[in-house]
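The values are calculated or read from the model by the stated rules, or taken from the named source; none is laboratory data. Given the structure is predicted, the values throughout are model-derived calculations rather than measurements. Backbone-built Cβ (ideal geometry, glycine too); neighbour counts: all protein chains shown.
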Amino acid sequence: MKKSVKNIPIQNLLALMLKDSKKAMVSAGAFYSYIAQQIRNGLIRSKFTKFSEEESKKHKDTINDRLKLTENKTCISSPDEPYICEDASGYSLIGALHRAKELAKRIIKISKAEKKKDRDHPEIYDEIIKDEKKYYKALKKEENFPRSE
């Protein structure tokens with residue numbers, strides 16, 4: 001019999017959402033790094049390198065910190081478990097831009113849902129949502145006019 005989401009304790013549900021968000025962030029960071037490698041324009045390349053660093057470090061650390069606070073209240077495993085991210089190298093520049101845009105959109109959606117479920121620390125998601133919207137906008141702009149030459 002399938003377990004309803006309504007029957008899952010809120011802390012367990014939040015922990016699962018945080019883990020899903022973290023997986024998407026790890027993959028998005030890999031895509032931003034790959035995109036930066038493909039672009040020759042120094043300003044654009046440095047922008048995507050910065051996005052990769054923020055996604056891979058700052059946002060992941062924020063989610064890890066929140067997971068550690070949640071960990072004591074759940075039966076969910078450790079926040080430090082490794083994640084296998086998508087391999088961006090198989091994508092063309094346009095494909096990588098599109099996939100990174102999808103991941104940014106997914107992280108925004110998950111973060112908004114996490115913010116609603118997290119009764120203790122909803123404010124931690126504001127910066128992630130703001131940054132992800134910035135990434136999405138830059139990805140959309142670059143997707144319309146890729147600067148690989």
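Before moving on, here are some points about what is shown:
- Any hit, the range 44-60, residues being at pLDDT below 80, basic (Lys, Arg) and not in a helix (DSSP H, G or I): no
- With respect to the stated conditions, ALA96 fails to be part of a helix (DSSP H, G or I), modelled with pLDDT under 75 and surrounded by 12 or more Cβ atoms within 10 Å (Cβ to Cβ).
- Taking each residue of the range 93-113 that is without any contact (Cβ under 8 Å) to a residue 24 or more places away in the chain and looking for partners that are of a type outside the set (A, V, I, L, M, F, W, C) and assigned to a helix (DSSP H, G or I) with beta-carbon atoms closer than 8 Å, six or more apart or interchain, yields LYS112/TYR125.
- Residue match in the range 15-28 (condition: modelled with pLDDT of 90 or more and crowded, with 19+ Cβ neighbours inside 10 Å): no
- In the range 127-145, the qualifying residues are those that are among the acidic types (Asp, Glu) and at pLDDT below 90, and the one that is surrounded by the most Cβ atoms within 10 Å (Cβ to Cβ) is GLU142.
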